[in-house]
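Some notes on the structure that comes next.
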Amino acid sequence: MNAVKTHLEVTVMVMLFWIVVEASSQVLGRFNRARAARLTLPHFLCETPLFMPVGTQGTIKGLTTNQLEDIGCQIILGNTYHLALRPTSELIDEFGGLHKFMNWPRALLTDSGGFQMVSLLHLADITEEGVTFQSPVDGKPMLLTPEESIQIQNRIGADIIMALDDVVKTTITGPRIEEAMYRTLRWIDRCIAAHKRPKEQNLFGIVQGGLDPVLRDICVQGLVERNLPGYAIGGLAGGEDKDSFWRVVAQCTASLPESKPRYVMGVGYPLDIVVCSALGADMYDCVYPTRTARFGTALVPEGVLKLKHQAMADDTRPIDSTCECMVCKNYTRAYLHCLVTKDAMGSQLLSYHNLYYMMQLSRNLHSSIIEGTFPKFVCDFLKNMFPEGDVPEWVCNAMEVAGIDISSCCTPLNSKLEVYTSSG
């Protein structure tokens with residue numbers, strides 16, 4: 001009985017979104033804050049922690065959907081803003097939704113388009129009604145309201161859709177942060193009212209509030225009161241320092257419901273994913289693995305390997321001798337060095353490897369939590385990345401709050417941290 005009680009045991013309504021945990025050989029579990037769960041979505045059953053590659057316009061650059069299935073990709077993120085511009089949500093709807101349009105049988109998540117408030121701020125005008133963008137395609141104005149964002153996502157047909165939120169960089173201070181947080185809460189009600197496919201698509205709310213713990217608490221509480229299928233932690237990965245980053249994640253995960261998934265938006269560095277998983281987060285997305293591949297960089301347990309460096313020119317080893325991916329089994333660093341400096345095939349092969357690395361990281365996180373070996377996994381991960389024991393202080397701080405002993409791979413902190421709770 002005690003062993004059973006250590007596992008996350010939740011079943012939410014079948015027709016919406018649920019984390020299913022069964023007391024069996026396939027049971028999903030937890031270690032302190034870290035969770036391993038099964039997410040049953042309309043198109044696919046996913047296991048967390050999980051990483052979502054970013055397919056902005058219905059494609060992961062350089063890779064086919066069959067290749068993504070081969071490496072174990074469970075879910076892809078699509079961009080509502082860009083898909084609405086090209087090829088248009090109406091056309092996607094005519095083809096039966098994005099799954100059929102891009103020939104992807106597994107799960108999809110679409111963001112709301114809100115991130116463009118930050119990335120395309122010079123093209124945007126934000127009001128209570130919504131966000132007016134100047135189209136980068138033809139220069140025409142495009143008003144994206146909470147209602148329109150949901151209508152577009154209803155037509156696209158993703159398994160998980162995101163509410164439109166008012167996004168502000170965490171490096172901004174002052175009244176704008178509070179304004180954006182309260183607007184996000186007002187907009188979530190408009191998104192809920194506009195959502196026409198709640199039995200087929202799961203609407204997630206997004207926690208905003210910058211680096212202000214009081215505002216974050218208010219936003220968390222407001223969203224939880226709406227009893228949404230899942231929750232995202234937004235507004236991070238925008239230039240804030242790492243110590244502030246992990247504290248926001250820790251605060252939010254401590255207050256969000258145990259029975260619902262927690263998605264940290266825009267996070268994709270392997271170290272960040274390990275830390276956030278230890279703090280209780282479940283889902284991540286980022287362009288980093290594929291974008292860095294296009295610059296000739298491969299992800300390895302030690303960090304990164306830059307294939308453009310001349311030292312790679314006559315190196316007969318694979319990218320990573322411990323990796324089982326197709327690229328590491330068949331190609332040398334020397335060959336890839338030739339490609340990344342001259343041929344587009346190089347970025348395709350590195351994208352394949354990097355996404356395989358991220359999928360394997362997700363699988364290892366999942367299995368180590370279930371098997372009760374999560375602390376050892378974290379320590380081994382840190383030892384590979386920081387063989388000299390110079391683990392960043394922010395990681396040490398976060399691991400102490402997460403209840404993970406990493407003293408074997410870094411110098412323990414001199415002072416004990418106060419456990420970070422939802423009250424900050």
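The values are calculated or read from the model by the stated rules, or taken from the named source; none is laboratory data. All values derive from a computational prediction rather than experimental measurement. All Cβ positions, even for glycine, are placed from backbone atoms using ideal geometry, and neighbour counts span all protein chains on display.
Please state which one of 210, 230, 222 is touching a residue at least 60 places away in the same chain (Cβ under 8 Å) and either surrounded by fewer than 18 Cβ atoms within 10 Å (Cβ to Cβ) or not assigned by TED's automatic domain parsing to the domain that holds residue 401 (or both). Spell out how you get there, then give the answer.
Values: 210 fails: touching a residue at least 60 places away in the same chain (Cβ under 8 Å); 222 fails: touching a residue at least 60 places away in the same chain (Cβ under 8 Å).
When all the criteria are applied, what remains is 230.
The residue pairs whose first member lies in region 354-369 and is farther than 16 Å from residue 31 by Cβ, whose second member is assigned to a helix (DSSP H, G or I) and at pLDDT 95 or above, and whose beta carbons are closer than 6 Å, counting only pairs six or more residues apart or on different chains, are 354/289; 354/293; 355/289; 358/289; 361/270.
What number of residues within region 337-393 are among the aliphatic types (A, V, I, L, M) and under 15 Å from residue 300 (Cα atoms)?
First pass over region 337-393, keeping only residues among the aliphatic types (A, V, I, L, M): 339-340, 344-345, 349-350, 355, 358-359, 361, 365, 369-370, 378, 382, 385, 391.
Okay, now just the ones that are also under 15 Å from residue 300 (Cα atoms), so 349-350, 355, 358-359, 361, 382, 385.
The qualifying residues number 8.
Here's a check for you: in region 68-91, which residue that is in a loop (DSSP other than H, G, I, E, B) and under 16 Å from residue 159 (Cα atoms) is modelled with the lowest pLDDT? Restricting to residues being in a loop (DSSP other than H, G, I, E, B) and under 16 Å from residue 159 (Cα atoms), the top hit is 79.
What do you reckon, is residue 250 under 18 Å from residue 182 (Cα atoms), in contact with a Phe, Trp or Tyr (Cβ under 6 Å, 6 or more places away or on another chain) and assigned by TED's automatic domain parsing to the domain that holds residue 200? Spell out how you get there, then give the answer.
Values: under 18 Å from residue 182 (Cα atoms): no; in contact with a Phe, Trp or Tyr (Cβ under 6 Å, 6 or more places away or on another chain): yes; assigned by TED's automatic domain parsing to the domain that holds residue 200: yes.
It is false that residue 250 is under 18 Å from residue 182 (Cα atoms), in contact with a Phe, Trp or Tyr (Cβ under 6 Å, 6 or more places away or on another chain) and assigned by TED's automatic domain parsing to the domain that holds residue 200.
Tell me which residues, restricted to region 255-272, are over 21 Å from residue 45 (Cβ atoms) and touching a Ser or Thr at 6+ places or on another chain (Cβ under 8 Å). Scanning region 255-272 gives a single hit, 255. Scan region 314-346 for residues that are modelled with pLDDT under 95 and of a type in the set (S, T, N, Q) and the total you get is 1.
Name the one entry in 183, 216, 197 that is surrounded by fewer than 22 Cβ atoms within 10 Å (Cβ to Cβ), assigned by TED's automatic domain parsing to the domain that holds residue 88, within 20 Å of residue 265 (Cβ to Cβ) and not small (Gly, Ala, Ser). Even if it seems obvious, please write down each step before you answer.
Values: 216 fails: surrounded by fewer than 22 Cβ atoms within 10 Å (Cβ to Cβ); 197 fails: within 20 Å of residue 265 (Cβ to Cβ).
It is 183.
The set of residues in region 306-332 being farther than 21 Å from residue 361 by Cα and either assigned by TED's automatic domain parsing to the domain that holds residue 274 or hydroxyl-bearing (Ser, Thr, Tyr) (or both) consists of 316, 331, 332.
Just need a number here: residues in region 114-140 that are at pLDDT below 80 and not in a helix (DSSP H, G or I). Residues in region 114-140 being at pLDDT below 80 and not in a helix (DSSP H, G or I): 12 in total. Would you pick out the residues in region 281-330 that are of a type outside the set (Ser, Thr, Tyr), crowded, with 19+ Cβ neighbours inside 10 Å and in a helix (DSSP H, G or I)? Across region 281-330, the qualifying residues are 289, 293, 312, 327, 328. Quick one: in region 241-261, which of the residues that are surrounded by 21 or more Cβ atoms within 10 Å (Cβ to Cβ) and among the aliphatic types (A, V, I, L, M) is farthest from residue 49 (Cα to Cα)? Looking at the filtered set, the residue picked out is 248. Being of a type in the set (A, V, I, L, M, F, W, C) and at pLDDT 95 or above holds for only one residue in 192, 172, and it is 192.
Contact map, region 155-176: residues that are outside the structural domain of residue 75 (by TED's automatic domain parsing) paired with residues that are surrounded by 22 or more Cβ atoms within 10 Å (Cβ to Cβ) and at pLDDT below 95, Cβ distance under 9 Å, separation 6+ or inter-chain. No pairs are found.
Taking residue 311, is it at pLDDT 95 or above, more than 30 Å from residue 232 (Cα to Cα) and among the aliphatic types (A, V, I, L, M)?
Working: at pLDDT 95 or above: yes; more than 30 Å from residue 232 (Cα to Cα): yes; among the aliphatic types (A, V, I, L, M): yes.
Judged against the criteria, residue 311 is a match.
Quick check, is residue 96 modelled with pLDDT of 95 or more, surrounded by fewer than 24 Cβ atoms within 10 Å (Cβ to Cβ) and either under 19 Å from the mean Cα position of the chain (by Cα) or outside any loop (DSSP other than H, G, I, E, B) (or both)? Criteria not met by residue 96. Whether a residue is under 30 Å from residue 211 (Cα atoms), of a type in the set (Gly, Ala, Ser) and not assigned by TED's automatic domain parsing to the domain that holds residue 204 was assessed, and residue 303 passes this test.
Pairs linking a residue in region 33-59 that is assigned to a strand (DSSP E or B) to a residue that is basic (Lys, Arg), with Cβ atoms under 6 Å and 6 or more positions apart or on different chains, are 47/38.
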